[in-house]
1. Within the set of pairs 6+ apart or on separate chains, which have a first residue in segment 72-101 that is in contact (Cβ under 8 Å) with a residue 24 or more places away in the chain, a second that is open to solvent by 70 Å² or more (accessible area, probe 1.4 Å) and acidic (Asp, Glu), and C-beta atoms under 7 Å apart?
2. Do the conditions hold for GLN42, that is, is it without any contact (Cβ under 8 Å) to a residue 12 or more places away in the chain and in contact with a helix residue (DSSP H, G or I) (Cβ under 9 Å, 6 or more places away or on another chain)?
3. In this structure, does VAL47 turn out to be free of Cβ contacts under 8 Å to residues at least 40 places away in the same chain and loosely packed, with under 14 Cβ neighbours inside 10 Å?
4. With the structure loaded, tell me whether ASP54 is at pLDDT 90 or above and either in contact with a Ser or Thr (Cβ under 6 Å, 6 or more places away or on another chain) or surrounded by fewer than 16 Cβ atoms within 10 Å (Cβ to Cβ) (or both) or whether it fails that test.
5. Kindly indicate whether any position in segment 69-86 is open to solvent by 60 Å² or more (accessible area, probe 1.4 Å) and closer than 13 Å to MET126 by Cβ.
6. Given the condition at pLDDT 90 or above, open to solvent by less than 70 Å² (accessible area, probe 1.4 Å) and touching a Phe, Trp or Tyr at 6+ places or on another chain (Cβ under 7 Å), answer yes or no: does some residue in segment 13-29 qualify?
7. Restricting attention to segment 35-51, which residues are part of a helix (DSSP H, G or I) and modelled with pLDDT of 90 or more?
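The values are calculated or read from the model by the stated rules, or taken from the named source; none is laboratory data. Treat the numbers as computed from the prediction; the structure is a model and nothing was measured. Methodologically, a virtual Cβ is constructed for each residue, glycine included, from the backbone with ideal geometry; neighbour enumeration extends over all protein chains shown. Just so you know, the surface numbers come from the protein's heavy atoms only, side chains and all, with ligands and any DNA or RNA stripped out. Shrake-Rupley method; radii C 1.70, N 1.55, O 1.52, S 1.80 Å.
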Amino acid sequence: GSRSREISVLEMEANRRETENMRGRVDPQFYAFRWITLALTQEFTLVDVVRLWDYLLAAEPLCVVERLLRLCASMLLRVKPMLVNADFPTCVKLLQTYPLEPTEELCEDAGSTDVVAVLLRGAFRMET
């Protein structure tokens, strides 16, 4: 009951602090501007871009940008374990050359080695 709620609140607070620490190290303008303005075309292969755009364009016209932002958030969450303890140059390099190869560390929790499927699953979770 209340004990599990307290633990959940503590976990959320720890997650928020980790995210703030990462945000303080790498300003989103170093990576997010490119991701958003080019609609992820530079980060993924054409086949993967088509899959991602299918998700984006299946939304109501006013929700396309919102879905793009969810995909970007999913991308950040996927590489979060690699960013948490990395220094500034490593973080920037990772975010500017987004890792497409599945790694055990990044796909272990997602249950898939298909990076785009993992990202889409993360974005869908944010919708509900």
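1. Partner pairs satisfying both residue conditions: PRO81/GLU105; VAL84/GLU18.
2. Details: without any contact (Cβ under 8 Å) to a residue 12 or more places away in the chain: yes; in contact with a helix residue (DSSP H, G or I) (Cβ under 9 Å, 6 or more places away or on another chain): yes.
Answer is yes for this residue.
3. Values: free of Cβ contacts under 8 Å to residues at least 40 places away in the same chain: yes; loosely packed, with under 14 Cβ neighbours inside 10 Å: yes.
Yes.
4. Working: at pLDDT 90 or above: yes; either in contact with a Ser or Thr (Cβ under 6 Å, 6 or more places away or on another chain) or surrounded by fewer than 16 Cβ atoms within 10 Å (Cβ to Cβ) (or both): yes.
Yes, satisfied.
5. Here is the first cut: in segment 69-86, the ones open to solvent by 60 Å² or more (accessible area, probe 1.4 Å) are 69, 77, 81-82, 85.
Next cut, closer than 13 Å to MET126 by Cβ only: 69, 77.
Yes, because at least one residue in segment 69-86 is open to solvent by 60 Å² or more (accessible area, probe 1.4 Å) and closer than 13 Å to MET126 by Cβ.
6. From segment 13-29, those at pLDDT 90 or above are none; that's our starting set.
Within segment 13-29 (the criterion being at pLDDT 90 or above, open to solvent by less than 70 Å² (accessible area, probe 1.4 Å) and touching a Phe, Trp or Tyr at 6+ places or on another chain (Cβ under 7 Å)), the answer is no, since none of the residues qualifies.
7. Initially, segment 35-51 is screened for residues part of a helix (DSSP H, G or I), giving 35-37, 46-51.
Matches in segment 35-51: LEU46, VAL47, ASP48, VAL49, VAL50, ARG51.
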